[in-house]
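S.K.: Starting off with a structure, shown below.
The values are calculated or read from the model by the stated rules, or taken from the named source; none is laboratory data. The model shown is predicted, which means the values in this text are computed figures rather than measured ones. Here Cβ is always computed from backbone atoms with ideal geometry, including for glycine, and neighbour counts include all displayed protein chains.
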Amino acid sequence: MAKMWRMLAAAPVIAALAACDGAQDQGAENMAAINAADAPPTADARDANLIPERFLGEWDSSEEACRDESSEMRLVVQPQHLQFYEGSARVRSVGPAGGDGIAVAATLDAEGMTEERRFDLALEPDGRLAVTTGGSTMVRVRC
């Protein structure tokens, strides 16, 4: 329905352009632009909002903490979600950050509050995960 309304709204513009010399080509381009706006996102666009596979998994402060299911430092990284001990973050976008790291913009729900937050994730040479947010960095091992 929204597509039909957009097409109807664009009709006067297209008609005016058709009156101009060579306007049929322009009208076709305008219709293509309208139809492209309705197209679902491409695979590349969807992948741009996913945390890369190398960061995925369960992480904690130590190997010993990995054996404790109730560890307060546990972090589960999924393609579109970060799960903490007392909260979770829904990924909104993922981009580059320093070296091979990524910047994750997310909506954090924790302890009854919701806020937008940036998490920088980087893998250290020894395989540990460094997570920086709010100027503070926590390093975790893969469980």
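S.K.: Give me the pairs: first residue in the range 61-78 and farther than 12 Å from Val141 by Cα and outside any helix (DSSP H, G or I), second residue modelled with pLDDT under 95 and of a type outside the set (A, V, I, L, M, F, W, C), beta-carbon distance under 9 Å, and six or more apart or on different chains, which are they?
M.R.: Pairs found: Ser70/Tyr85; Ser71/Tyr85; Glu72/Tyr85; Glu72/Glu86.
S.K.: Just to be sure before I move on: is Leu121 assigned by TED's automatic domain parsing to the domain that holds Ser61, in contact with a helix residue (DSSP H, G or I) (Cβ under 6 Å, 6 or more places away or on another chain) and closer than 16 Å to Arg74 by Cα in the structure I sent?
M.R.: It is true that Leu121 is assigned by TED's automatic domain parsing to the domain that holds Ser61, in contact with a helix residue (DSSP H, G or I) (Cβ under 6 Å, 6 or more places away or on another chain) and closer than 16 Å to Arg74 by Cα.
S.K.: Of all residues in the range 85-142, count the ones that are under 23 Å from Glu64 (Cβ atoms), among the hydroxyl-bearing types (Ser, Thr, Tyr), surrounded by 11 or more Cβ atoms within 10 Å (Cβ to Cβ) and modelled with pLDDT of 95 or more.
M.R.: Final tally of qualifying residues: 1.
S.K.: Same structure again: Quick check: anything in the range 32-50 assigned to a loop (DSSP other than H, G, I, E, B) and at pLDDT 95 or above?
M.R.: Yes.
S.K.: Quickly run through the range 59-71 and pick out the residues that are at pLDDT 95 or above and either surrounded by fewer than 15 Cβ atoms within 10 Å (Cβ to Cβ) or outside the structural domain of Arg118 (by TED's automatic domain parsing) (or both).
M.R.: Within the range 59-71, Ser62, Glu63, Glu64, Arg67 meet the criteria.
S.K.: While we're here: Considering only residues that are touching a Leu at 6+ places or on another chain (Cβ under 7 Å) and within 11 Å of Leu50 (Cα to Cα), which ones fall in the range 92-105?
M.R.: Scanning the range 92-105 gives Val94, Ile102, Val104.
S.K.: Suppose we keep only residues that are over 18 Å from Met73 (Cα atoms) and without any contact (Cβ under 8 Å) to a residue 24 or more places away in the chain within the range 102-115. Which one would you say is farthest from the chain's Cα centre (by Cα)?
M.R.: Here the answer is Gly112.
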